[in-house]
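Here's the structure we're looking at; comments come further down.
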Amino acid sequence: MNLIQQDRARLWHPYAAASPDLPLWEVEAADGVRLRLRDQDGIRHDVVDAMSSWWSVIHGYRNPVLDAAAKRQLESFSHVMFGGLTHAPAVELAERLVDLAPSAPGRPGLERVFLADSGSVAVEVALKLAVQFQTASGHPQRQRFLSIRGGYHGDTFAAMGVCDPVDGMHSAFPGLLGGNVFAPRPPAASSATPEIVQAWAAELGDIAAEHSGELAAIIAEPVLQGAGGMHAYPAECLTAMREVADAHGLLLIFDEIATGFGRTGELFAADHGGVVPDIMCVGKALTGGYLTLAAVLCTGDVAETVSNGEAGALLHGPTFMGNPLACAVANASLGIIGDGGWRADVARIGAGLVSGLAPALDLEAVREVRTIGAVGVIELHDAVDVTAVTTAAIRHGVWVRPFRNLVYTMPPYVSTAADVEQITAGMTAAVAEVHERDRAPFGAAV
Ligand SMILES: *Cc1c(COP(=O)(O)O)cnc(C)c1O
């Protein structure tokens with residue numbers, strides 16, 4: 001039995017059957033933006049990771065700065081409980097996150113940090129904070145959330161409950177999810193006019209008004225809905241969310257787990273609109289993809305109100321809260337972010353994606369090509385043949401993981417212009433080969 005066969009006999013993979021009839025590749029090595037894969041026939045493929053391992057590996061694999069930070073912390077201690085104890089990596093991380101967080105004149109800043117062990121858990125904590133805040137403010141009946149259609153916030157139950165009710169997993173758990181309220185998807189950035197944005201904002205306001213007595217918070221992924229469809233929308237919608245939340249006594253939660261740390265072209269997607277939420281979740285790229293870690297930031301008012309409530313505490317505390325090793329690597333990653341080079345990296349990658357993906361628009365299978373920051377999306381008319389496109393892209397030296405009708409990329413920030421060219425050419429060629437079989441071969445890429 002080779003490794004892939006052993007895997008198939010024992011392991012689960014994300015959103016997969018126990019022994020799916022889908023290919024699997026073994027990672028033998030990873031360095032910079034490259035993965036060395038071995039397929040089930042033992043054949044090796046060197047590919048550029050167009051996915052940054054799901055948004056996380058922004059500084060590349062085996063980054064010397066992150067490697068050194070991990071080794072330094074290993075030589076000190078890897079983990080201690082966070083109940084009753086503290087340590088320098090956690091305190092430094094809280095300071096760094098508060099320093100970087102969105103701010104605006106006249107608006108309370110995000111100044112209190114809860115360290116969680118994954119994005120989904122961070123969302124759970126954010127939702128708890130909001131409900132505990134409302135209860136402590138004399139609104140114990142405000143236990144539901146106003147979410148946005150097309151959203152994705154994680155796979156634990158409360159997080160699933162604010163994911164898109166149709167594309168999310170609501171139908172699989174009808175007895176356990178539900179009770180939340182959904183506003184329509186915000187208009188697409190590419191076609192929205194001020195009137196369209198205004199109409200959306202008015203509808204959001206109407207829904208909030210209708211349910212305000214039972215709503216604790218609005219939750220949204222600012223500016224870019226990720227796993228719910230890679231949907232970019234205008235920053236003016238963030239202003240509308242802020243106004244509606246303020247008008248109806250709701251907290252505003254921004255889930256920046258995918259968008260945080262520069263990916264959309266601003267440090268946080270909220271910064272596109274100059275909007276400061278009351279609660280913000282970060283994760284994915286926080287440790288540069290080295291270890292699982294997430295964080296929930298909130299205003300001093302939210303923290304104090306919750307702490308002065310009847311419960312007297314924020315009711316959450318994971319075993320691995322504030323894991324020192326993860327915090328140390330996160331500090332190194334945020335150190336690189338703090339140097340500011342990400343802005344030029346994201347601009348360079350974004351420009352490469354715009355020009356590199358443009359030829360895909362000529363394919364008949366393609367409905368739209370869109371980019372925001374260092375994110376590039378080819379949207380097809382029909383569902384992607386995931387196995388065929390993934391395999392074809394690997395032949396062109398690119399690792400992608402399409403879903404639904406989307407072939408998309410968010411390259412590591414350390415990707416060169418040549419890496420981005422390889423990614424965009426490989427994506428386009430893969431789509432052309434798989435979805436335009438009956439048509440003329442695409443360019444020279446085939
Ligand atoms: C990935 C993601 C999550 C969930 O994070 P996990 O670490 O996978 O639990 C939540 N919200 C958004 C916007 C995400 O992209």
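Of all the criteria given as (1) modelled with pLDDT of 95 or more; (2) open to solvent by less than 10 Å² (accessible area, probe 1.4 Å); (3) within 15 Å of the ligand (Cβ to nearest atom), the one not satisfied by G228 is (1).
G138 fulfils the conditions (1) within 10 Å of the ligand (Cβ to nearest atom); (2) farther than 21 Å from M241 by Cβ except for a single criterion, (1). Scanning region 382-401 for residues that are surrounded by fewer than 21 Cβ atoms within 10 Å (Cβ to Cβ) and among the small types (G, A, S) yields A383, A388, G397. Among residues of region 270-305 being part of a loop (DSSP other than H, G, I, E, B) and in contact with a strand residue (DSSP E or B) (Cβ under 9 Å, 6 or more places away or on another chain), the one that is nearest to the ligand (Cβ to nearest atom) is G283.
Taken as a whole, the condition of being under 18 Å from the mean Cα position of the chain (by Cα), within 15 Å of the ligand (Cβ to nearest atom) and closer than 24 Å to Y408 by Cα does not apply to A235. None of R36, R62 is open to solvent by 80 Å² or more (accessible area, probe 1.4 Å) and out of contact with any Lys or Arg (no Cβ under 9 Å at 6 or more places or on another chain) except R62. Scanning region 141-156 for residues that are open to solvent by 20 Å² or more (accessible area, probe 1.4 Å) and within 12 Å of the ligand (Cβ to nearest atom) yields Y152, D155, T156. None of A88, A68, A30 is open to solvent by less than 60 Å² (accessible area, probe 1.4 Å) and either closer than 30 Å to M230 by Cβ or without any contact (Cβ under 8 Å) to a residue 60 or more places away in the chain (or both) except A30. For region 350-381, the set of residues classified as over 18 Å from V420 (Cβ atoms) and either among the aliphatic types (A, V, I, L, M) or crowded, with 17+ Cβ neighbours inside 10 Å (or both) consists of L363, A365, V366, E379, L380, listed by residue number. Against the test of being assigned to a loop (DSSP other than H, G, I, E, B), touching a residue at least 12 places away in the same chain (Cβ under 8 Å), under 25 Å from G288 (Cβ atoms) and among the basic types (K, R), the options R401, R348 yield a single qualifying residue, R401. For region 297-325, a residue qualifies if it is in contact with a His (Cβ under 9 Å, 6 or more places away or on another chain) and open to solvent by less than 50 Å² (accessible area, probe 1.4 Å), and the qualifying residues are G322, N323, P324, L325.
The values are calculated or read from the model by the stated rules, or taken from the named source; none is laboratory data. What you see is a predicted model; the values in this text were computed from it and never measured. FYI the Cβ positions are ideal-geometry reconstructions off the backbone, even for glycines, and counts take in every protein chain you see. SASA here: full protein model, heavy atoms, side chains in, ligands and nucleic acids out. Shrake-Rupley method; radii C 1.70, N 1.55, O 1.52, S 1.80 Å.
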